[in-house]
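Worksheet for the structure shown next.
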Amino acid sequence: MQRITRIPRLATNYVILSGAEFISKIMAAVALAYLARVLGPQSYGYLEFAIAIYFIFTLIVDSGLSFYGARELAKNEVLLPRLFVHITLIRSILSLLAFIIMALVARFIDQPQSVKVLILLYGLVMFIVPWLIQWVFQGRDMMRFVGLSQLLRWSVFTVAVLLLVREPNQVWYVPMIEGLALLCVALFLLRALLRYFGFPRYRINSRDAFGMFRQALPIGASEVVWAVKVYFATILLGFVIGGPELGWFTSAHRVVIALHAFVWLYFYNMLPSIARTSQQPITALQKLMRVSIQITAWTGLLLGIYGAAYAEVGITFIFGVQFQEAGHVFQVLVWLIPLALMSGHFRYTLIGYNRQKLEFYSALVGAAVTVVLNLILAPRLGMMGAAWALVISEAVIWLVAYYFVRRTIAVIPVFRNIWRPMIAGIALTAVLYFLMQVNIWLAGVVGLVFYSLLFVFAQPDLSNSLRSIYTRDQ
């Protein structure tokens, strides 16, 4: 009998995942902020450089197989043994290839010995990745295990970092701690697998395995493109500049990536609403987009303006005085968040209307722009050039996705929905500029009250519109 996923279960799953993500982000922030303070800008920058390489290779090892496995298992539960055996096999082979490539990179790159050791140790961690089987529990709607695995990983990582890493020359402990955390997750998930399903047994079929890999590869390609867009600047700066400047850039970049997770959660929650409008007149989509663009424009501009105004204070508070220069980078990078909020409306509209290929093209264009601009700007302008390359590429993604939506789905106005918050943002910037010369904390409070009043008077019906769209008839 076909299972029916009910709305209460979807809501519960979302609460579990978002709650686990929020707590995990806090623990990760604590661990990385501690590492930055202990290691200093140069060692921390090299650590982030190695992590960027490691992260891209984890996506290559996965190659979209986690998403594919969860999707197929959700359709048919009896496929678990076949999926588990072949997906684990494919990922194990890919992890071996990833280790070999990372070992070669560590051997031949022109970097300090400590960086080479970091890359090699992260290469060894790759052998644990195939056994991270969250996709099994995702496919069976057992999201509590996905959330618990995330909490377990960052709890082990954070506690071990705080206990073991005491000085810069202990930076090589970090990939070992990462391996320990992932090993704990793998053992936890395997134990849950044995308890609820038994150990899956299935005869290996090379043709079957290749077919799965071929079907999952487009998903994996999209993930790798995203990773290149996000982390290419870090890798390039590691090669061409290095030193404290790499640490300053990566610390600011790390904060923005953490904030970006909540952008993803917003559109992850909104995607079903977008998909439902595809079965309704196009005016339903336009109404949904109008309200969402307006509310995210108000919030995104508030975050961008305050992030830029208090960048130096915030970065110094998190990472310490030695990272003060990172505040200048954060003043630029923080604008990725409002731009991602805008581009997300059009990217997820393409997904919701079954135009995934066009969404991939927009991401591919953005990644290409990131690479080209970084190659031009980073060697000349250093970390500030890399920051501007990322921001410009996000704006390009917005424009390309907007074009695809306008051409294939509908016209969704932008300027008429953002001009009010833009004017309010300009006014808020002026208020903060003048009041911060008196007292930065007074400026922050007064500015927030001022901006809130502008919101209420400029668009008093917005909260009612949100309630009417997101409240579902029972």
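None of the figures in this text is laboratory data; all of them are computed from the coordinates on show. As the structure is a computational prediction, the values presented were derived from the model and not from experiment. Note that each Cβ is placed from the backbone with ideal geometry, even for glycine, and that neighbours are counted across all protein chains shown.
Among 251-261, 437-447, the peptide with the highest mean count of other Cβ atoms within 10 Å heads the list, and the full ranking is 251-261, 437-447. Within the chain, helices built from complete DSSP H runs that reach 24 Å or longer along their own axis (Cα positions) and carry a mean Kyte-Doolittle hydropathy of 1.6 or higher are 80-108, 173-197, 440-458. For the listed peptides 173-184, 48-59, a ranking on the average number of other beta carbons within 10 Å per residue, highest first, reads 48-59, 173-184.
For the chain, a simple Cβ point-charge model (Lys and Arg +1, Asp and Glu -1, everything else neutral) yields a dipole of about 1580 debye relative to the Cα centre. The local environment of Gln42, defined by Cβ-Cβ distances under 15 Å, has a net charge of -3 under the rule Lys, Arg +1 and Asp, Glu -1. For Leu339, the shell of other residues with beta-carbons less than 13 Å away shows a net charge of +1, using +1 for Lys and Arg and -1 for Asp and Glu.
In plain terms, the residue of Trp131, Trp154, Trp248 with the fewest other Cβ atoms within 10 Å comes first and the most crowded comes last, giving Trp131, Trp154, Trp248.
For Lys357 and Ala275, what does the FRET efficiency come to when R0 = 25 Å and r is the distance between their Cβ atoms, rounded to the nearest 0.05? Efficiency for this residue pair is about 0.90. Residues Ile26, Ile305 in ascending order of nearby Cβ atoms (within 10 Å, fewest first): Ile26, Ile305. Our estimate of slack between Val240 and Leu124, defined as 0.36 nm per intervening residue step minus the Cα-Cα distance, is 39.2 nm.
Computed over the chain, relative contact order equals 18 percent, with contacts defined as Cα pairs under 8 Å that lie 6+ residues apart.
Please state the shape class of the chain: rounded when a/c is under 1.5, otherwise prolate if a/b exceeds b/c and oblate if not, all from the C-alpha gyration tensor. Because a/c hits 1.5 or more and a/b fails to exceed b/c, the chain counts as oblate. Take each peptide in 363-376, 194-207, 156-169, count the other Cβ atoms within 10 Å of every residue, and average; sorted highest first, the result is 363-376, 156-169, 194-207. Computed over the stretch 241-474, relative contact order equals 24 percent, with contacts defined as Cα pairs under 8 Å that lie 6+ residues apart.
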